[in-house]
């Protein structure tokens, strides 16, 4: 029986005898598929580990988003928030946006520290390193799901009757946001492995982005922020799904589709970069 | 049967960078090149880089075991990492089967907050086992680790021994074509070590093994061939006993004699002589040996203690010749200069190099008149390196009757 052999050279790793086009892309996809169980295990490990040795345990995963919800509802009731008419009660509007935003911000932050957190494991065990990024990003997806359930509760509280088709489409439209999150996640993971600056920069950028992107407020179409946001991928990827959920339709889809395609391209590119660069980065993490 | 080599290492070199700043810069440059598919820059060293591994080549077949020895920083662990595919070589080529098992710092990847039970599943997944496989082997793992009720405690409450036990038990479930081992047997208690040896023996039967160790008995026992690395280069590659002797000589060259003590007496010369009375630097294990040294003293020392101490490369005091222990009274007169001959009938220390220190002490062994540290060295040669410091060659007889029949 012939044994499958791997060849390591300065140019990268190859499987002996394998030929054809897109060798690297094929190798990285098959690696990720083979690692799906590992991704799930790593996710469980981090998720459970985070809430161990706390009295409330896993309840924290729900409590923190719940706190945000409570704050928005309370502010709305006391009349602090005067955002103008968004067609639905403001908390429902803001929380829907925040739900999508949390997928992006939680996922990206987790990705940026995924390699560093893995510590000595990286340099001792040979395993698919992309699993670390995928499992980190999964934290964002879980955060999204938890918040989505809570937001649904808020909808019920305000007696908003949802348009089921809009909700279905809105949830489906989270996919490009995931692609963007993973696409950026791979690059911040690998660059953050070498340059620790990334960890600090990410927090600053996310904080700025949350304010600049019309997530917590509707935008006036003629303002400077609106023009800036034409080029803000997050704006398209969050506001189109939100429009679909709240109103059943969005005024424009062009930006959304362009961003979605670019996000997919970004993911393929950075994932490949990660795959090619991992050996070089690991000696420096 | 001439089988195809499992591992083929061909002119592998690896450079590292001493300065963090340059390291980051070069990292970014190399990344850009790799990604764009450009050829690597010139292979020469850039500023503050050095070759951690330089032109290493070897081949290993199934059933063979290569021992890697060398001083700290010689590049042994780097070579293991390249074989394991964790870091890429800067020159050369490595061909290895896909199924590589590494017993290197077992238990890394454990989450301290999770229980041993949960960590078994996580760690198994990292090593590439499916959940079904892990579930099937779970009892075996727990049994091997033998950590009792602690299996349901968070791993952070484990002693370092238990940590390693559990890690090893999981890693031992692999069925690799190539097994990489890095100094694993330095940990755990005696009982666990013997279990590990058995397990490695079982795995090694059907794989090619590369292992790094500073424990020469283990190297002598496990390896079929041994490679000595020094400053990233292959300094010797061949028979384990010769390799170990070569390794010991690397340290011998670094030996620096030092002198302590009152200075009122002086051991001014010391030679090691063979049975024929010729000065030698090495002898065959079990041969007779004489140490000759000259003592000059300015003061009178009654019932003095002359002490010869043999120290191994591992800095353990392994043997001693002491006239007080031997029951020989020596009185030194002021102003005298004498020669002392110490005859040892059968010098049977374990194969290796030993540094000799010589002391002139008072009868109660408190006053140090002279203490010559590492004044000389002697190499003991043998085909096999044993475990214990003292190796009795002994007479061996075999008989099937309960009485030993003398002929």
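Some notes on this structure:
- Unmet requirement for residue A:4, which otherwise passes all of (1) surrounded by fewer than 17 Cβ atoms within 10 Å (Cβ to Cβ); (2) out of contact with any strand residue (DSSP E or B) (no Cβ under 8 Å at 6 or more places or on another chain); (3) within 11 Å of chain B (Cβ to nearest Cβ): (2)
- Filter result for residue A:193 (more than 14 Å from chain B (Cβ to nearest Cβ), surrounded by 20 or more Cβ atoms within 10 Å (Cβ to Cβ) and within 28 Å of residue B:112 (Cα to Cα)): no
- Test: residue in the range A:153-176 that is within 14 Å of chain B (Cβ to nearest Cβ), in a helix (DSSP H, G or I) and at pLDDT 90 or above: no
- Condition met for residue A:18 (assigned to a loop (DSSP other than H, G, I, E, B) and within 11 Å of chain B (Cβ to nearest Cβ)): no
- Scope the range B:125-135; condition crowded, with 18+ Cβ neighbours inside 10 Å and more than 13 Å from residue A:35 (Cβ to Cβ); matching residues: B:134
- Matching residues in the range A:241-285 - criterion: being assigned to a helix (DSSP H, G or I), within 14 Å of another protein chain (Cβ to nearest Cβ) and more than 16 Å from the chain's Cα centre (by Cα): A:269, A:272, A:273, A:274, A:275, A:276, A:277, A:278, A:279, A:280, A:281, A:282
- Of residues in the range B:155-206 being part of a loop (DSSP other than H, G, I, E, B) and touching a strand residue (DSSP E or B) at 6+ places or on another chain (Cβ under 7 Å), the one nearest to residue B:138 (Cα to Cα): B:174
- Qualifying residue in the range A:184-199 (condition: touching a residue at least 60 places away in the same chain (Cβ under 8 Å), outside any helix (DSSP H, G or I) and in contact with a helix residue (DSSP H, G or I) (Cβ under 6 Å, 6 or more places away or on another chain)): no
- Qualifying residue in the range B:344-357 (condition: loosely packed, with under 14 Cβ neighbours inside 10 Å, touching a residue at least 24 places away in the same chain (Cβ under 8 Å) and within 26 Å of residue B:287 (Cβ to Cβ)): yes
- Residues in the range A:21-35 that are facing another protein chain (nearest Cβ under 10 Å) and part of a helix (DSSP H, G or I) were compared, and the one that is modelled with the lowest pLDDT is A:24.
- When we screen B:110, B:121, B:150 for residues that are modelled with pLDDT under 90 and more than 23 Å from residue B:197 (Cα to Cα), the only hit is B:110.
- Looking across the range B:47-70, the residues that are surrounded by fewer than 17 Cβ atoms within 10 Å (Cβ to Cβ) and under 30 Å from residue B:25 (Cα atoms) come down to B:47, B:48, B:50, B:55, B:57.
- Residues in the range B:199-224 that are touching a helix residue (DSSP H, G or I) at 6+ places or on another chain (Cβ under 7 Å) and farther than 21 Å from residue B:386 by Cβ: B:210 only.
- Those helices (runs of 4 or more DSSP H) of the range A:62-145 in which 3 or more residues are on the phi < 0 side of the Ramachandran plot and within 14 Å of another protein chain (Cβ to nearest Cβ) occupy A:114-118, A:120-124.
The values are calculated or read from the model by the stated rules, or taken from the named source; none is laboratory data. In this text the structure is predicted, and so the values were computed from the model without any measurement. Note that each Cβ is placed from the backbone with ideal geometry, even for glycine, and that neighbours are counted across all protein chains shown.
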